Amino acid sequence: MIAHLRGKLLAKHPNQVIVETGGVGYEVTISVPTFSGLPPVGSDVALHTYTQVREDVLALYGFLHPAEKRLFEKLIMVSGIGPRLAITILSGMAADELAAAIRGNDLARLTRIPGVGKKTAERMVLELRDKLPASVAAAAITPSLSELENDVVSALENLGYQRAAAEKALQAAAKNGKSASFDALFREALGALSK
């Protein structure tokens, strides 16, 4: 699966971008909030991606912030919501408003999003009410980790640690200041988790 793309932004439209990586141009479907945060065409860009594979489709969906990707992944777990509708939902309402509407059982607000009828809104509320964080937008605004830090967190997750614990240990290791390489930072973070 393609989970992250970093490369040159060749083209951008409100619902799609083309990112060149290693001489290959990847067409990625995006939401309006992601489009709004993109740099100018020709700049370097990094997108967190979700890969959809079916017998007739191979599609990439991209997000500037990991929190938006996590919300997308929660949305597509709701029966009746596929990746395209999830992108439309993320484009139709700000992440915090969406989370508040779901937690508050505000069906009228949810049905204003194009493609979301009453039954879909009810399923969203029923299946996601308790699964959404208190503040999706605050999580989305949190600065992304560097490539090195992402590698360390990924390695810790592969060892079975939860992402939140891995990020906390990474912050503790980074405070020591002597961790410039992957190995040193990884060992520091692993040591923090072992305590």
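The table below gives the values:
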quantity: Where a residue in the range 85-112 is more than 22 Å from THR34 (Cβ to Cβ) and its partner, wherever it lies, is open to solvent by 50 Å² or more (accessible area, probe 1.4 Å) and modelled with pLDDT of 90 or more, with Cβ under 8 Å and at least six apart; calculated: LEU107/LYS118; LEU107/GLU122; THR111/LYS118
quantity: Which numbered condition LEU5 misses (of (1) touching a Phe, Trp or Tyr at 6+ places or on another chain (Cβ under 7 Å); (2) part of a strand (DSSP E or B); (3) of a type outside the set (Val, Ile, Thr); (4) without any contact (Cβ under 8 Å) to a residue 40 or more places away in the chain); calculated: (4)
quantity: Top-ranked residue in the range 48-100 [being farther than 20 Å from LEU9 by Cβ and part of a strand (DSSP E or B); ranked as most open to solvent (accessible area, probe 1.4 Å)]; calculated: LEU58
quantity: Filtered residue count, the range 8-31, keeping only those that are under 14 Å from the mean Cα position of the chain (by Cα) and not in a strand (DSSP E or B); calculated: 1
quantity: Every residue from the range 151-195 that is in a loop (DSSP other than H, G, I, E, B) and either β-branched (Val, Ile, Thr) or open to solvent by 80 Å² or more (accessible area, probe 1.4 Å) (or both); calculated: LEU159, GLN162, ASN176, LYS178, ALA180, LYS195
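The values are calculated or read from the model by the stated rules, or taken from the named source; none is laboratory data. Keep in mind that this is a model prediction, so the values were computed, not measured. Ideal geometry is used to build each Cβ from the backbone, glycine not excepted, and the neighbour counts take in all protein chains shown. Just the protein is used for accessible areas: all its heavy atoms, side chains included, with ligands, DNA and RNA removed. Shrake-Rupley method; radii C 1.70, N 1.55, O 1.52, S 1.80 Å.
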